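The values are calculated or read from the model by the stated rules, or taken from the named source; none is laboratory data. Quick caveat, the model's predicted, so the values are computed rather than measured. Here the Cβ positions follow ideal geometry from the backbone for every residue, glycine too, while neighbour counts run over all protein chains shown. Side chains are part of the model used for accessible areas, which takes the heavy atoms of the whole protein and leaves out ligands, DNA and RNA. Shrake-Rupley method; radii C 1.70, N 1.55, O 1.52, S 1.80 Å.
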Amino acid sequence: MTHYQVVHRTRYRYDAPVSSSYGQSCLLPRDFATQRCVGSQLVITPEPEDQRERIDFYGNRVSYFKVDRGHTELEIVATSTVNVLPERGVLPLEAEMLLRDVPVALDGDVDAVHYLLDSQRAVVDDRVRAFAAECFDPDASILAGVSNLVRKIHSSFEFDAEATTVTSTLDDLFEHRAGVCQDFAHLAVAALRSQGLPARYVSGYLETIPPPGKPKLVGADVSHAWASVMVPGAGWIDLDPTNDQFVDERYVTTGWGRDYGDVPPLKGVIYSESSKTRLSVSVDVTRQD
């Protein structure tokens with residue numbers, strides 16, 4: 001078992017006073033078969049007049065807060081302790097199922113329907129179908145097709161934080177041939193759905209390893225995104241096209257949904273005359289072993 005402490009710090013600075021802030025976050029890790037969140041807290045400054053947590057439709061921990069006092073700076077700090085079990089990253093034998101057998105195997109699976117249909121940021125069009133078709137063979141295994149897809153996304157697009165924004169589409173990714181983990185995850189999700197495979201978008205963190213002999217820098221970790229595919233009879237397999245690999249015990253999951261729109265780390269509304277906002281984000285994923 002691998003133990004992590006995750007600290008995600010977000011700070012907004014405004015050029016004019018804000019009278020009210022209403023926010024929603026998906027920053028606290030969820031529990032599932034290979035991950036346990038053993039402790040977490042969300043600290044907001046200024047202190048909110050109202051703060052509460054709920055479980056959304058997809059089982060994610062979503063926090064709501066309201067700050068009604070005037071402020072020019074807002075800070076949200078999520079601190080969590082998480083155990084990741086060694087079974088994470090172990091690929092099930094069922095992943096060798098042939099792609100052509102999937103429709104029959106999924107027949108009657110109501111949960112799969114949510115992740116088969118198009119979503120706003122993971123639209124299946126002719127370009128996505130053509131991209132995926134080069135990776136999947138109906139007479140080959142799901143694992144072979146998924147491995148091909150992860151490799152193809154990684155080799156076809158450059159990682160460039162300046163190429164896209166949080167609102168970019170798959171059309172933007174294909175046009176620029178560059179993007180970030182969010183873009184690559186959306187393409188993987190859409191490509192998998194185009195082949196009749198339920199797929200979801202996953203948000204979380206990845207422990208980064210410093211170069212040999214170098215100390216790990218505080219704040220060097222960032223939020224990460226990847227995709228997950230449902231294998232009939234086995235459950236979900238997570239894959240990371242940004243790094244051309246399957247997800248293992250170095251990954252911490254905060255939430256999942258149809259696409260980014262279901263699990264943004266933070267979103268909200270402010271009331272202010274401010275015309276400029278300075279945003280700073282730092283994340284530390286520290287192994288506690």
Dimensions (Å) - segment 1-105, Cα atoms, principal axes, largest first: 59, 33, 24
Run the helix sum for the chain: -39,500 (n - 2.57) per DSSP H stretch of 4+ residues, divided by residue count, reported at 222 nm to the nearest 500 deg cm²/dmol. -5000 deg cm²/dmol
Could you state the accessible area per residue of segment 1-131 in Å², with a 1.4 Å probe and every protein chain left in place? 52 Å²
Answer in debye to the nearest 20: the dipole magnitude of the chain about its Cα centre, from +1 Lys/Arg and -1 Asp/Glu charges placed on Cβ, is 740 debye
To the nearest 10 degrees, the tilt of helix 142-156 (Cα long axis) against the first principal axis of the alpha carbons of the chain is 60 degrees
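Quick check: at a probe of 1.4 Å, how many percent of the accessible area of the chain sits on carbon and sulfur atoms?
51 percent
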For the chain, what does the equivalent ellipsoid look like in terms of its semi-axes, each the square root of 5 times an eigenvalue of the Cα gyration tensor, given largest first in whole Å? 34, 21, 19
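Quick check: from the Cα gyration tensor, does segment 173-289 come out rounded (a/c under 1.5), prolate or oblate?
Judged from the Cα gyration tensor, segment 173-289 comes out oblate (a/c at least 1.5, b/c at or above a/b).
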Could you estimate the translational diffusion coefficient of segment 89-231 from the Stokes-Einstein equation, with Rh from the Kirkwood formula over C-alpha pairs, at 4 °C and 1.567 mPa s, in whole µm²/s? 80 µm²/s
Rounded to the nearest 10 Å², the accessible area of THR72 using a 1.4 Å probe with every protein chain kept is 70 Å²
Computed ³J(HN,Hα) along segment 26-38: with the Karplus parameters 6.51/-1.76/1.60, θ = phi - 60°, integer Hz and x for glycine or proline, the list is 10, 10, 9, x, 9, 9, 7, 3, 10, 8, 10, 8, 9
Arrange the peptides 20-32, 104-116, 147-159, 185-197 so that the one whose residues have, on average, the most other Cβ atoms within 10 Å appears first. 185-197, 20-32, 147-159, 104-116
By per-residue mean of other Cβ atoms within 10 Å, what is the highest-first order of 38-44, 201-207? 201-207, 38-44
For segment 117-125, in residue order, the Karplus 3J(HN,Hα) values (coefficients 6.51, -1.76, 1.60; θ = phi - 60°; whole Hz; Gly and Pro = x) are 7, 4, 10, 4, 9, 10, 8, 8, 10
Note, segment 66-72: 3J(HN,Hα) by Karplus (6.51, -1.76, 1.60, θ = phi - 60°), whole Hz, Gly/Pro = x, goes 9, 10, 9, 9, x, 7, 10
